[in-house]
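**Q** Could you have a look at this structure, given as structure tokens, before my questions?
The values are calculated or read from the model by the stated rules, or taken from the named source; none is laboratory data. This structure is a prediction, so every number in the text was calculated from the model and none was measured. All Cβ positions, glycine included, derive from the backbone under ideal geometry; neighbour counts span all protein chains shown.
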Amino acid sequence: MTIPALPDLCWPIDEACCAGFTDLDLEVQDRAIALATSTIRMLTGYRVGGCPRKVRPCAQHCAVRYTGSWVGDSWVPVNVSGTWFNMPCGCGESGCLPAGGLRLPPPVGAITEVRIDGEVLDPADYYIADGNLLARTDGQAWPTENDISQPDTEVGTWSVTYLNAYPVDGLGSYAAGILACEFAKACSGDNKCRLPKGTTDVIRGGIAITVTPGMFPEGFTGINEVDAYIRQWNPYGLKVPPTVWYPGMNSQVTTRG
């Protein structure tokens, strides 16, 4: 039987407070890190960490060239087919996108890459405003057309790769390192492990760690250092990040691997 690869959640680990961790078998280290990062990401309600995702912005069809109106020096937003536009919308042959920026599904932790017509855009040519508005600084507008049937290396396409979560800071790295240390202890049969009991299963020729249902029923691990970080990001034990949705809501982006 082929054992699937361990997940990589792009979560940095600080194992400085786990004496002897780097001396363990590499397989034990990798398994402990994978379990720790997947667990702490789950317990923070998936608000923190993870790997960057790629989205393919799709222009929405528009019946009029501009949506909204100016009142003094302010632009009054309007709702078009379930999508709020908070700035003039410039139309192309197939639809329109806000001329000044693109709203990405929040949160936006970091922009990894913007690619247009197969070419990577210079990071100096764009920035994030208002939390999740991707705006350009080079005087150009975002493309109004995107052939999502083609990979983003081709002409006529564009994509944005970004972290759709809050980035992991030093405390998150430290907390994940502490949790990885405890998983490693459990894997090694250390009776000083601080994880809840019944966490390990011993199988033929090796050790496998199984996170059983209800292992953290209150959304916390019982490890003070780890729970302090979890409580900071998910004090009410949410299972998934909160979202806003309403009938008729359309998305300007399409996820593509």
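**Q** Can you tell which of LEU102, LEU134 is at pLDDT 90 or above and either in contact with a Phe, Trp or Tyr (Cβ under 9 Å, 6 or more places away or on another chain) or more than 25 Å from GLY49 (Cβ to Cβ) (or both)?
**A** Only one candidate qualifies: LEU134.
**Q** The conditions are (1) at pLDDT 85 or above; (2) more than 14 Å from the chain's Cα centre (by Cα), and VAL48 fails exactly one of them. Which is it?
**A** (2)
**Q** Can you list the strands (runs of 3 or more DSSP E) lying wholly within the stretch 116-197 that have 2 or more residues being crowded, with 17+ Cβ neighbours inside 10 Å?
**A** Qualifying strands (runs of 3 or more DSSP E): 133-136, 158-163.
**Q** Still on this structure: Consider THR243 carefully, then state whether it is modelled with pLDDT of 60 or more and out of contact with any Phe, Trp or Tyr (no Cβ under 7 Å at 6 or more places or on another chain).
**A** So THR243 fits the description; yes.
**Q** Restricting to the stretch 4-56, name every residue that is part of a loop (DSSP other than H, G, I, E, B) and farther than 30 Å from PRO242 by Cβ.
**A** PRO4, ALA5, GLU15, ALA16, CYS17, CYS18, ALA19, GLY20, LEU24, ASP25
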